[in-house]
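Structure first, then comments.
The values are calculated or read from the model by the stated rules, or taken from the named source; none is laboratory data. None of the values given here were measured: they were computed from a predicted structure. Backbone-built Cβ (ideal geometry, glycine too); neighbour counts: all protein chains shown. All accessible areas refer to the heavy atoms of the entire protein, side chains included, with ligands and DNA or RNA removed. Shrake-Rupley method; radii C 1.70, N 1.55, O 1.52, S 1.80 Å.
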Amino acid sequence: MPFQQGSARTRQRTVLLVGIAVLLAALVLAVVLASLLTHGKHEVSPKMLKWKDRGTTKNLQEVILGRCYNYITAQYPELGDKDCLKIWESLKDAFIYKNPCNITTEDYQPLMELASHPIPCNKSLFWSKTGDLVHRYTKSNQNFLTLEDTLLGYMADRVSWCGDPSAPGINYESCPKRSECESNPGSVFWKMASKMFAEAACGVVQVMLNGSVEAGAFRSSSIFGSIEVFNLNPDKVSEVHIWLMHDLGGPQSESCSGHSIKRLISILEERNLKVICEDNYRPVQLLQCVHNPDHTDCRLCTNST
Amino acid sequence: KWKGEGTTQNLESIVIGRCYDYIRIVNPAVGEKNCSQIWEAFKNAFINKDPCSILPKDYELFINLSLHTIPPNKSLFWENNQLLVNSFAARGRRYMSLGDTLFGFFGDFLNWCGQADSPGLDYESCPTTTECENNAVESFWRMASITYAQHSSGVIHVLLNGSAAGGAYPQPGFFADFEIPNLQKEKISQIVIWVVDDIEGPDIDSCGNHTVKTLETRLKTLGYDVTCSDNYKSVMFLLCLD
């Protein structure tokens with residue numbers, strides 16, 4: 001029936017035209033969106049959340065990858081089986097596109113598994129409020145390892161990262177401070193890594209504390225006091241040696257007989273760990289003397305150490 | 001084929017990572033650098049060439065791209081005591097040794113070489129300096145040392161090992177052959193030499209004696225104000241750590 005065919009064809013043509021128009025519109029929209037998204041790669045999209053701490057380190061991927069390869073190639077070749085690319089991907093997946101106040105330990109589980117490695121006994125060195133000194137010490141004396149001398153800590157040291165639900169998923173402008181929210185990518189990472197570092201410790205373990213700090217050398221609110229102390233395994237750890245360091249010429253706020261140290265000792269002993277405390281452990285004090293050589297505490301090395 | 005170790009595995013990732021690590025974290029004061037470009041310039045110095053034909057000036061573009069100011073009074077030259085120097089310099093906070101500059105940080109403790117007629121790196125073996133002087137790594141450090149000396153100013157420090165066999169001031173040596181000749185006299189106010197013996201090591205050399213005397217004389221003849229001290233206390237403490 002020619003009339004019906006005619007109108008059917010018109011309808012078909014209309015549908016076709018509309019279809020093409022829709023496709024074109026979709027294409028234009030896609031192009032516009034794509035250019036907006038790629039253009040705004042390192043700019044803050046207006047929807048990105050704003051925080052008080054510094055943002056993700058620029059070139060995070062290159063830094064992390066480079067450090068990973070550097071660690072396993074140049075420093076610890078026995079870890080040759082580690083896959084740095086996979087490790088980077090698992091770090092990225094832990095936080096990208098996520099609200100940075102909702103990070104969980106599950107988010108970091110794959111990374112922790114890929115990057116953890118055994119720590120030789122008697123080498124674990126914990127620390128609290130002695131960051132500068134303790135790392136200068138492990139750099140000169142390879143007999144001890146802090147968390148930042150393990151692969152995980154080495155990659156993450158002094159680096160920051162956080163995500164955001166809007167593209168590109170990484171916030172380079174700002175990241176949450178702990179006071180803004182506790183479950184932020186950095187805090188969750190370090191808490192988890194510290195716990196694992198403590199769990200892995202065996203034999204004699206060491207801890208460097210600061211006896212010149214007013215608030216006390218040992219604080220329950222520190223990572224050492226709240227996490228590491230409670231994750232040492234008494235079946236693996238034979239002794240805890242405390243090195244209580246004072247700033248040269250600085251206040252002697254606390255010593256081994258001090259209040260907070262006594263508290264630490266009782267916590268450890270209650271966990272069945274043997275504890276020894278030493279004021280101003282000499283080898284570390286020598287390091288302090290490098291920059292204050294004429295101080296009365298700085299006699300040149302004698303073999304009595 | 002060659003007697004030396006091959007190129008360090010994952011060299012590209014390591015050095016690009018170090019470049020960004022340096023400009024973002026270690027020393028952000030140097031400002032923005034194009035790390036991919038720096039890697040390309042570095043690589044082009046030695047790939048596709050006979051690994052015994054690499055000259056210091058092949059690294060010229062690499063140096064130009066990675067150069068930055070060395071603060072006055074912070075230069076620390078050394079011979080035969082690299083680990084000690086690294087500890088003492090405290091990653092650039094107290095002194096800036098060659099290894100604390102971007103161009104030095106880039107290559108420290110790594111190894112590399114290419115091959116003729118191939119754009120690839122040789123991971124099997126690389127020539128040692130005994131096999132041929134003009135190899136990729138030797139020429140890199142020669143160029144880096146020359147540059148470091150040219151850009152040093154103020155009071156410069158030299159840390160020498162008084163227990164080293166053959167003397168504290170080695171000749172031939174990097175300091176003797178590439179650094180001293182490239183110091184810019186008009187920018188330098190004083191040269192301070194520290195001769196430090198290994199703990200319980202032999203006291204083979206010291207200020208005013210043997211090779212150190214040769215060094216002092218050479219520098220004074222060149223017109224520099226030179227002082228020298230033995231077993232500088234600060235550095236001794238670092239040695240006591242072992």
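Straight distance only, please: which lysines reach the Cα of A:LYS92 with their own Cα at less than 23 Å, same-chain residues fewer than 8 apart left out?
Of all the lysines, those that pass the test against A:LYS92 - Cα under 23 Å, at least 8 places apart if same chain - are A:LYS41, A:LYS47, A:LYS50, A:LYS52, A:LYS58, A:LYS82, A:LYS177, A:LYS191, A:LYS195.
Rounded to whole Å, give me the distance from the Cα center of the range B:10-58 to that of the range A:283-299.
Spelled out, the Cα-based centre of one part sits 38 Å from the other.
When only Cα pairs under 8 Å and 6 or more residues apart are kept, what is the percent relative contact order across chain A?
Relative contact order, chain A: 18 percent.
Partner chain Cβ atoms within 10 Å, averaged over the residues of B:7-14 - can you pull that number for me?
Taking the mean over all residues of the peptide, I get 6.
Counting only residues 5 or more places away or on other chains, whose amide H sits under 5 Å from the amide H of B:SER152 once H atoms are built in the peptide plane?
Answer set, sorted by chain and number: B:GLN184.
Which sequence of A:ASP164, A:ASP83 reflects their accessible areas, 1.4 Å probe, from the largest down?
Sorted by accessible area, descending: A:ASP83, A:ASP164.
For the range A:113-201, state which trypsin sites (Lys or Arg not before Pro) are in a DSSP loop and have at most 12 other beta carbons lying within 10 Å of their beta carbon.
Of the trypsin sites (Lys or Arg not before Pro), the ones in loops of the range A:113-201 whose Cβ has at most 12 other Cβ atoms within 10 Å are A:ARG158, A:ARG178.
For the range A:53-298, with only Lys/Arg (+1) and Asp/Glu (-1) charged at the beta-carbon, what is the dipole magnitude about the Cα centre, in debye rounded to 20?
Using only the charged Cβ atoms, the result is roughly 60 debye.
Antiparallel as a % of all DSSP beta bridges within chain B, to the nearest 5?
If we restrict to bridges inside chain B, about 15 percent are antiparallel.
Going by average Cβ neighbours within 10 Å, how do the peptides B:65-71, B:124-130 rank, with the highest at the top?
Taking the mean over residues of other Cβ atoms within 10 Å, the ranking is B:65-71, B:124-130.
Mind jotting down a quarter of the surface of the convex hull over the alpha carbons of the protein assembly as shown, in square nanometres, one decimal?
36.4 nm²
Through the Karplus equation 6.51 cos²θ - 1.76 cosθ + 1.60, θ set to phi - 60°, convert the phi angles of the range B:222-238 into ³J(HN,Hα) values in whole Hz; use x for Gly and Pro.
Working through the residues one at a time gives 6, x, 8, 7, 10, 10, 9, 9, 8, 6, 3, 3, 3, 6, 4, 4, 5 Hz.
Which peptide among B:221-229, B:190-198, A:12-20 comes first, and what is the full order, when sorted by highest mean count of other Cβ atoms within 10 Å?
B:190-198, B:221-229, A:12-20
How far is helix A:60-70 tilted off the main Cα axis of chain A, in degrees rounded to 10, range 0 to 90?
50 degrees
With the Cα gyration tensor of the range A:178-305 in hand, convert its eigenvalues to equivalent ellipsoid semi-axes via √(5λ) and list them largest first in whole Å.
Equivalent-ellipsoid dimensions as semi-axes: 28, 19, 14 Å.
Enumerate the residues in the range A:238-259 having an amide nitrogen under 17 Å from the point lying 7 Å beyond the Cα of A:CYS121 toward its Cβ.
A:238-241
Can you spot the lysines whose alpha carbon is less than 18 Å from B:LYS57's alpha carbon? Ignore those fewer than 8 places along the same chain.
B:LYS43, B:LYS49
To the nearest 500 deg cm²/dmol, what mean residue ellipticity at 222 nm is calculated for chain A from DSSP H runs of n ≥ 4 alone, each contributing -39,500 (n - 2.57), summed and divided by the residues?
-13000 deg cm²/dmol
Could you pull out every residue, at least 5 positions away or on a different chain, whose amide H is within less than 5 Å of the one on A:VAL237? Hs are placed 1.01 Å off N in the peptide plane, and Pro or chain starts have none.
Amide H neighbours of A:VAL237: A:GLY203.
Testing the spin-label approximation: label points 7 Å from Cα along Cα→Cβ at A:LYS52 and B:GLU60. State their distance in nm.
Taking the two extended label points, one gets 5.4 nm.
With springs connecting C-alpha atoms under 10 Å apart, model chain A as a Gaussian network and identify which of A:ASP235, A:ASP149, A:ASP93 has the largest mean-square fluctuation.
Most flexible of the set in this elastic network: A:ASP235.
Can you give me the orientation-averaged projected area of the convex hull built on the Cα atoms of chain B, in nm²?
Orientation-averaged projected area of the Cα hull: 13.2 nm².
Using only Cα positions of the range B:57-116, each an equal point scatterer, no hydration layer, compute I(q)/I(0) via Debye at q = 0.29 Å⁻¹ and quote the log10 values to two decimals.
Per q value, in the given order, log10 I(q)/I(0) is -1.27.
Rounded to the nearest 10 degrees, what's the angle between the helix A:2-39 long axis and the longest principal axis of chain A, both from Cα atoms, 0 to 90?
Taking the Cα atoms of chain A, the angle to A:2-39 is about 20 degrees.
Could you give the alpha-carbon Rg of chain A over 2.2 N^0.38 Å, rounded to two decimals? List each step's numbers first, then the result.
On the way: Rg = 27.9 Å, N = 305, 2.2 N^0.38 = 19.3 Å.
Cα Rg divided by the expected 2.2 N^0.38 Å: 1.44.
Rank B:PHE140, B:PHE77, B:PHE105 by mean-square fluctuation in a GNM of chain B with C-alpha springs under 10 angstrom and give only the top-ranked residue.
B:PHE105
Please determine, in degrees from 0 to 90 and to the nearest 10, the orientation of helix A:84-95 with respect to the longest principal axis defined by the Cα atoms of chain A, where the helix direction is its Cα long axis.
Result, in degrees: 80.
From the phi angles alone, apply the Karplus equation (6.51, -1.76, 1.60; θ = phi - 60°) to the range A:232-247 and give each ³J(HN,Hα) in whole Hz, x where the residue is Gly or Pro.
Values per residue, Gly and Pro as x: 5, 9, x, 7, 10, 8, 8, 8, 10, 9, 9, 10, 9, 9, 10, 4 Hz.
Less than 16 Å apart at the alpha-carbon level, and either on another chain or at least 8 residues along: which aspartates and glutamates does that give for A:LYS129?
A:GLU148, A:ASP157, A:GLU214, A:GLU228, A:ASP247, A:GLU254, A:ASP279
Work out from phi, with θ = phi - 60° and the Karplus expression 6.51 cos²θ - 1.76 cosθ + 1.60, the ³J(HN,Hα) of each residue of the range A:156-163, listed in order in whole Hz, and give x for Gly and Pro.
Each residue of the range A:156-163 in turn: 8, 4, 6, 10, 10, 7, 6, x Hz.
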